[in-house]
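Okay, structure first, notes after.
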Amino acid sequence: MIDLRPALCSLAALALTACGRGPDVQLYVALDQEHSQAMVQRFEAKSGMRVKARYDTEASKTVGLVSALIEEAPRPRCDVFWNNELAQTVRLAQKGVLQAYASPAAAGIPARYRDPKALWHGFAARARVFIVNTKRIPDPKDYPRRLRDLIDPKWKGQCAIARPLTGTTLTHFTALRLAMGEQKLDEFIAAMRSNEVAFLQSNGATMKETASGKLAFALTDTDDFHVALRKGNPVAAVFPDQEDGGLGTMLIPNSVAMVKGAPHPEAARKLIDFILSKEVEGLLAAARSAQIPLRADVTGPSEAQILRIGAFRQMAWEPQATAGALSAAATHFAKVFGG
């Protein structure tokens, strides 16, 4: 009779070791978990690596993770930061929290969305659009077309924005502060308040209030619009300020970066290569988030209302300058909006 006990003991030991081993790479993610988790799981399946992903809540996302990365800088815990916008990532680079990695997977991404020192790379963008309730506004001729429509008296009490304290809204309003000047933006905010614009907690909240018909329209991101549309809500998207000489629509890419002193540098590079791949840009475009690829040779979202790069006028903004102004803008907006 063959004694199987030694073999069984060895297998048990291996199982315990496998169960007990830590993650191969630590990832902080600001993109909504419902959109990013599938990409993390796909990387794990393809690479055989274990990823410990830390997701943040929508109300504090990006800012909470950025604060954690700054606090942890003397003894980093995170390897890779996947941000749902760009300016906070640039701010981390300016603070010396990131380290360079020139990923070969970034080939084809426009130079304006890549750090010249390879400290960060942009990919898979979202546009800042109006989500319109088509029951409240049935005729497309009546749709809001400019940001200034938020202060049009005919829409008094019928529209909303997210408070610009975190995420894409903070980046957007910081860029507007630079483009318009501090005084003019403050006047615009005061005019929105006079027009009873609702200042809500998040872009998701502005989307839900519009999709439900409580509001006629709101400023949000294309991924939130697409989620509402897929659920069968009566909504349309408007890319604002497209007239000749207009400000243009803000386009904000995701960004990914390697943390300086990353505990698992080799695994971090492999994860970054995967996140920056055309495969992931294509998957994010095809998914519920309907992200807009930065590369022309990657298939964009199937929804025709979410325009491809080159099909709309983009707002001109400079990531480095916006990042440099972010902290002061955030402090100012916290006083103006509360929070």
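The values are calculated or read from the model by the stated rules, or taken from the named source; none is laboratory data. Quick caveat: nothing in here was measured; it's all calculated off a predicted structure. Reconstructed Cβ throughout: ideal geometry from the backbone, glycine too, with neighbour counts over all protein chains shown.
Taking every residue in region 210-221 that is in the same structural domain as residue 144 (by TED's automatic domain parsing) and at pLDDT 95 or above and pairing it with any residue that is among the acidic types (Asp, Glu) and not in a strand (DSSP E or B), at least 6 positions away or on another chain, the pairs with Cβ-Cβ distances below 6 Å are 215/209. The single residue among 103, 47 that is out of contact with any strand residue (DSSP E or B) (no Cβ under 8 Å at 6 or more places or on another chain), among the hydroxyl-bearing types (Ser, Thr, Tyr) and surrounded by 14 or more Cβ atoms within 10 Å (Cβ to Cβ) turns out to be 47.
Between 151, 131, the distinction of being among the β-branched types (Val, Ile, Thr), surrounded by fewer than 22 Cβ atoms within 10 Å (Cβ to Cβ) and modelled with pLDDT of 95 or more belongs to 151 only.
Yes or no, residue by residue, for (1) within 23 Å of residue 160 (Cα to Cα); (2) touching an Asp or Glu at 6+ places or on another chain (Cβ under 9 Å); (3) of a type in the set (Lys, Arg):
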residue: 201; (1), (2), (3): yes, yes, no
residue: 217; (1), (2), (3): yes, yes, no
residue: 237; (1), (2), (3): yes, yes, no
residue: 248; (1), (2), (3): yes, yes, no
residue: 255; (1), (2), (3): no, yes, no
residue: 259; (1), (2), (3): no, yes, no
residue: 280; (1), (2), (3): no, no, no
residue: 291; (1), (2), (3): yes, yes, no
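The lone criterion from (1) surrounded by fewer than 22 Cβ atoms within 10 Å (Cβ to Cβ); (2) in contact with a Gly (Cβ under 9 Å, 6 or more places away or on another chain); (3) of a type in the set (Asp, Glu) left unmet by residue 209 is number (2). Contact map, region 78-106: residues that are within 22 Å of residue 284 (Cβ to Cβ) paired with residues that are among the small types (Gly, Ala, Ser) and in a helix (DSSP H, G or I), Cβ distance under 7 Å, separation 6+ or inter-chain. Pairs shown: 79/267; 79/268; 80/268; 82/36; 84/167; 85/167; 87/323; 90/323.
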